[in-house]
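Here's the structure, in structure tokens; my notes come after.
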Amino acid sequence: MLDIKQIREQTEYVRERLSLRGGGDEKKLEEVMAHDEARRKGLAEVEQFKALRNRVSKEIGALMGQKKVQEAEEKKKETRDIGDKIAALDKLVAEAEEKRDEILIRLPNLPHSSVAIGKSAEDNPEIRVFSQKQAYTFKPRTHIELCESLKLIDFNRATKISGSGFLLYTHWGAKLERALIQFLLDLHTEQHQYVEVSPPFIVNRESMTGVGQFPKFLDQAYAVQEGLDGSTVGKLYLVPTAEAPVANIHRDEILPEAQMPIRYCAYSPCFRAEAGAAGLGTRGMIRVHQFDKVELIKIVTPETGYEELEKMVLNAEKVLQLLDLHYRVINLCTGDMGFASAKTYDIEVWAPGQNQYLEVSSCSNCEDFQARRMNLKFKNSQGENKYPHILNGSGTALARLFVALVETHQQPDGSIKIPPILQPYLKADSIRAN
RNA sequence: GGAGAGAUGGCUGAGUGGUUUAAGGCGCACGCCUGGAAAGCGUGAGUACCUAAACAGUACCGGGGGUUCGAAUCCCCCUCUCUCCUCCA
């Protein structure tokens, strides 16, 4: 959530930054400020009446104590109608606040000054590249062909069980998926100082709102119903990412500064309705309703937010380097950024069978946008309560990593060579048909 | 699913309509004392809103509503937590 004080005091700056996103959200500012103005005006008025009421009530209390009942009764008469005025004004203030917050909670974060200005993915600057597209002596097969010939995934039966957009990993496919998860968690906890957590895969509405999923992306979530009780729909949701439970671990807390930086990593499946998304319903693993991911979360002081973001991207890149995969890092331009983010790097891994780059990681600094929504603060050395920066990054997403891995390391005979780092996890150096 | 208990500040814990500005204790910070420390004594400290700013004002005792001049306290609704029973991996 944006800071209403900043909107009030630096209106033109906020308007300019919002307009760079290209979503037209800056047009909502006038309305927000009008409601805010009404709220503050009403508040000033009602507080005067409340001060008066408190003063008189105290006097009545004193008179009662001295058994001066007659005088007390007269005072009561005097203040009888104040209550009605207060009630009316209170209602006015509450309504103005509600209207203000309804808009405010749907406004996206402001892009950081270092973010490239642009309209779409076309305008995303490339930051760096690792390795290069590998040359093959044969036409690289797609992951779909490889998964079928090596029996890594049973696409048809997954559809039978759940529907399109779901995967049934089988045999070495299931083992490879598990090996990758284990490898990622070990890497980040042992080499990159993250603390492993294993969160619930179902979260409540508050957690979804805290990270900015709700109310804007309510249509992309899977809502859960308890048994036959239809009234329970809307209470709980399948996690779209581990960011939802993990970033909320310290919601409504005031952290001691000494406890920061906090670094968590967590495995979770990710459930996405992908309503209206391009690529949904096409065969394969690129866009699915459920995929595995190891997520990285940091809660840090504002001073260190951006250097921690750089480190986080390097942590995610390390995964691809160790697996010997070609990738590029891009910086999302103002028009292509996510709702809660102030700055985002995407890592795209090369998939030779697809002949395209696949997004396997998105690392963002949301600054205090989420912290404000979830009322998470830290107490600094001066004893003041401040909002921390909250960062999230994929380290990395699994289904697409799986795709890049099998497509990149496929051999002329149709087998998959397993990178050395992964061999102890898979307990095999290659995957071949029978 | 059944029965019961509970939710008060950083923690603990009193408070059943008004000099409560939420007692007391623990912990914390600072000071006195001391060669230094402990103990002891003293002082201080919640969160947010509002305001140009304030030692001004307002709100906050799980959440929402009601009664009243006045609610932590009385009434209604809701949420959550804990204990026991039942069932279950």
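Of note:
- Selection status of A:Glu126, more than 24 Å from the chain's Cα centre (by Cα), in contact (Cβ under 8 Å) with a residue 12 or more places away in the chain and closer than 30 Å to A:Arg21 by Cα: no
- Residues of the range A:375-386 classified as more than 9 Å from RNA strand B (Cβ to nearest atom) and closer than 16 Å to A:Pro261 by Cα, total: 4
- Scan of the range A:218-235 for residues that are at negative phi, out of contact with any strand residue (DSSP E or B) (no Cβ under 7 Å at 6 or more places or on another chain) and modelled with pLDDT under 85, ordered by number: A:Glu226, A:Leu228, A:Asp229, A:Gly230, A:Ser231
- Restricting the search to helices (runs of 4 or more DSSP H) fully inside the range A:142-227 and requiring at least 2 residues that are surrounded by fewer than 15 Cβ atoms within 10 Å (Cβ to Cβ) gives A:155-161, A:171-190.
- Looking across the range A:236-252, the residues that are surrounded by 14 or more Cβ atoms within 10 Å (Cβ to Cβ) and either in a loop (DSSP other than H, G, I, E, B) or modelled with pLDDT under 90 (or both) come down to A:Leu236, A:Val239, A:Pro240, A:Thr241, A:Ala242, A:Asn248, A:Ile249, A:His250, A:Arg251.
- Residue count, the range A:379-419 (criterion: over 21 Å from A:Tyr306 (Cβ atoms), surrounded by fewer than 23 Cβ atoms within 10 Å (Cβ to Cβ) and polar (S, T, N, Q)): 4
- Residue in the range A:102-110 that is farther than 30 Å from A:Glu348 by Cβ, modelled with pLDDT of 80 or more and touching a helix residue (DSSP H, G or I) at 6+ places or on another chain (Cβ under 7 Å) present: yes
- Helices (runs of 4 or more DSSP H) contained entirely in the range A:334-434, each with at least 1 residues that are farther than 17 Å from A:Asn248 by Cα: A:398-408, A:423-426
- Looking across the range A:268-281, the residues that are surrounded by 12 or more Cβ atoms within 10 Å (Cβ to Cβ), part of a loop (DSSP other than H, G, I, E, B) and of a type outside the set (Lys, Arg) come down to A:Ala273, A:Glu274, A:Ala277, A:Leu280.
- Helices (runs of 4 or more DSSP H) completely within the range A:1-109 that count 1 or more residues being near RNA strand B (Cβ under 8 Å from one of its atoms): A:4-9, A:29-65, A:69-79, A:82-104
The values are calculated or read from the model by the stated rules, or taken from the named source; none is laboratory data. Note that the structure is predicted; figures quoted are calculated from it, not measured. Please note: Cβ atoms are built from the backbone with ideal geometry, for glycine as well, and neighbour counts cover all protein chains shown.
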